[in-house]
Amino acid sequence: MDMGVALDMTPGMDEGHGLAAVISAVPGLSERLLAEHVPGADGRCRQCAVGAQAGWHQWPCRLHCYAAQAARLGPRGVRSGIRR
């Protein structure tokens with residue numbers, strides 16, 4: 001998916017740039033995800049480490065990374081300060 005802008009990409013995050021754009025389009029979603037997906041005392045994501053996946057998600061988890069990228073992108077899925 002080419003959005004026509006340069007995105008800050010963390011290794012392994014290229015498949016999620018579209019998800020970050022979607023998250024950024026929903027008001028308050030990136031803030032909510034960042035507040036919920038925090039590290040526990042064991043270094044794992046407290047939100048992802050429930051149910052069958054317990055203990056498998058190191059922090060920062062992918063949702064935290066996508067939400068952080070979405071927060072940098074701003075509400076239009078474009079990094080703040082860049083116009084389409």
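Read-outs: derived from the displayed coordinates by stated rules, not from any lab. Fair warning: this is a prediction, and the values are worked out from it, not measured in the lab. Please note: Cβ atoms are built from the backbone with ideal geometry, for glycine as well, and neighbour counts cover all protein chains shown.
Straightening the chain between residue 46 and residue 29 buys 4.4 nm, computed as 0.36 nm per residue apart minus the Cα-Cα spacing. For residue 44, the residues 5 or more places off, or on other chains, whose built amide H falls under 5 Å of its own are 59. In terms of packing, defined here as the mean over residues of other Cβ atoms within 10 angstrom, the peptides 33-41, 66-74 line up highest first as 66-74, 33-41.
Modelled this way, with points 7 Å down the Cα-to-C-beta line, the labels at residue 72 and residue 58 are 1.9 nm from one another.
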